[in-house]
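Data first, discussion second: the structure below is written as structure tokens.
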């Protein structure tokens, strides 16, 4: 007979400063969460995966920093903002998730496909840059072949790149990240 | 702002670089409604509220503010046809309006690249501007009523939420897009979970395709069950999701179950105003619109 293993949380796993940081970054009222589960019940990703918003917020409140930041589940939120609308405590849940994602990325947890989008932004000023097929379609449609965006102006692109350098986006994206752990 | 009916057209990424046919319809239809568009030269990615904001909120805010600063310099509010870009600008403006230290930080960053920014500009979704014309004046423009066309209306998320930062009446179930669809003569069908997300946002489309397209599948199933002939959307990213995912779902199923045309609102309106499908880019869709067009031409 196998022994039943109960998952216990040890004091050492809890970082009390974690929730303070999330709160300070803009998720005020998060401590008023009553774990009612409304957020999970309206979550489109939660309907089809094991992702539970309530669990994520509870873990954050307990200070389970490492667990939260390294979890790929953190990236299952489609930012549809339904939970934020429905929360009886009016907690900015989506904001809290974005804050935790920022913390995760800072620690090197970035999914490879997301790093690619970020690199495209770094190189071109667009997360989705123009390709040849759409360049042809633009010409056929009689609209400017190259859109009048950063794609048409080296000066504008230089400005955008400088902003990304000033805000540390280049080192954040090109740094040595481990990527969020896979299941 | 100088002239309320002239806007700086913010294109973003997905529309000009993946769905220029949608962009074409906007460039054709808005001026015909008296909404003048000026190019917002040198604009970048908004940047995307789901991915880029999730990586670095500070970079996101600075780049969003740069785009807003370009419009401020031009003397016009921004007009956009993407819910994601709309969400980015509305949220970015709210942050700098509420937090003076954030505005100061952004101003310093922009100053070092030679830009001035007072956050005195606004961003509007084109559907908001069209709706402000009023249903009756719009009805007068309709020369080819799309009678009998059943539409699955898709609002998307960031157009409506957070509701406190949006211009709509504070009600749970909005009707403005249904009204705008019905003015063309089409019928907006009632379907289950109409306000459900398309599944593309938040970086889910980028990193977890199976989950992302399964959300879209649920919406498609609900629309098809209600007898919709097509989807009408107002967001370039939702548009991408519905255009691309149907082939992905069919491949998975091994049958051609999903072939619901995905029509952007200005394409629908333009068609009912008598524009030719080619002028609206309706011949350049991933999911063919031909059978649908044949009913009205």
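Arrange A:75, B:168 by Cβ neighbour counts within 10 Å, fewest through most, would you?
B:168, A:75
Using alpha carbons only, how many degrees (0 to 90, rounded to 10) separate the axis of helix B:236-253 from the longest principal axis of chain B? The helix B:236-253 is inclined about 40 degrees to chain B. Across q = 0.08, 0.09, 0.11, 0.13 Å⁻¹, the protein assembly as shown modelled as identical point scatterers on its alpha-carbon atoms has Debye log10 I(q)/I(0) values of -0.47, -0.59, -0.90, -1.26, in the order of the q list.
As a test of the formula, what do you get for chain B when each DSSP H run with n ≥ 4 contributes -39,500 (n - 2.57) and the sum is divided by the residue count, at 222 nm and rounded to the nearest 500 deg cm²/dmol?
Using -39500 (n - 2.57) per qualifying helix, the result is -14000 deg cm²/dmol.
Taken over the C-alpha atoms, the stretch B:6-126 has Rg and Dmax values of 14.0, 42 angstrom.
Could you compute Rg(Cα) / (2.2 N^0.38 Å) for chain B, with N its residue count?
Against the empirical 2.2 N^0.38 Å value, I get 0.99 for chain B.
Please say if the stretch A:112-174 is rounded, prolate or oblate, where rounded means a/c under 1.5 for a ≥ b ≥ c the square roots of the C-alpha gyration tensor eigenvalues, and otherwise the choice is prolate for a/b larger than b/c and oblate otherwise? Oblate shape, in that a/c is at least 1.5 and b/c is the bigger or equal ratio. A viscosity of 1.306 mPa s and a temperature of 10 °C, combined with the Kirkwood radius over C-alpha pairs in the Stokes-Einstein formula, give the stretch B:37-108 a diffusion coefficient of 129 µm²/s.
Once the Cα atoms of helix A:93-106 and of chain A are each reduced to a long axis, what angle between those two axes, in degrees from 0 to 90 to the nearest 10, is obtained? That helix lies at roughly 70 degrees to the long axis. Counting only C-alpha contacts under 8 Å and six or more residues apart, can you give the relative contact order of the stretch A:45-183 as a whole percent? For the stretch A:45-183, the relative contact order is 26 percent.
Classify the stretch A:1-80 from the C-alpha gyration tensor, please: rounded if a/c falls under 1.5, else prolate or oblate depending on whether a/b exceeds b/c.
Since a/c reaches 1.5 but b/c is at least a/b, the shape of the stretch A:1-80 is classed as oblate.
The value of relative contact order for chain B, using C-alpha pairs under 8 Å at least six residues apart, is 21 percent.
With a/c under 1.5 counting as rounded, go ahead and sort the stretch A:34-80 into rounded, prolate or oblate using the C-alpha gyration tensor (a ≥ b ≥ c being the square roots of the eigenvalues; past the cut-off, prolate if a/b is larger than b/c, else oblate).
Verdict is oblate for the stretch A:34-80.
Per residue, the convex hull spanned by the Cα atoms of the stretch B:22-74 amounts to 92 cubic angstrom. Within the listed set B:35, B:171, B:213, the Gaussian network model of chain B (springs between alpha-carbon atoms below 10 Å) gives the highest mean-square fluctuation for B:171.
When B:169, A:151, B:97 are arranged by Cβ crowding within 10 Å, least crowded first, meaning fewest neighbours, the order is B:169, B:97, A:151.
When the alpha-carbon atoms of the stretch B:92-191 are used, the pair Rg, Dmax equals 19.0, 57 angstrom. Axis angle, to the nearest 10 degrees, between helix A:112-124 and the longest C-alpha principal axis of chain A: 30 degrees. When the alpha carbon coordinates of the stretch A:30-138 are projected onto the principal axes, the ranges are 54, 29, 23 Å, largest first. Its alpha carbons considered, chain A gives a radius of gyration followed by a Dmax of 20.5, 74 Å.
Our note on the geometry: Cα centres of the stretch B:48-111 and the stretch B:227-277, 30 Å apart. Computed over the stretch B:135-294, the alpha-carbon pair-distance distribution with 10 angstrom bins reads 10, 40, 36, 13, 1, each value a whole percent.
Laboratory data are not the source of any read-out in this text; all were calculated from the coordinates shown. In this text, all values refer to a predicted model and were calculated from it rather than measured experimentally. Positions of Cβ are backbone-derived with ideal geometry, glycine not excepted, and every protein chain shown enters the neighbour counts.
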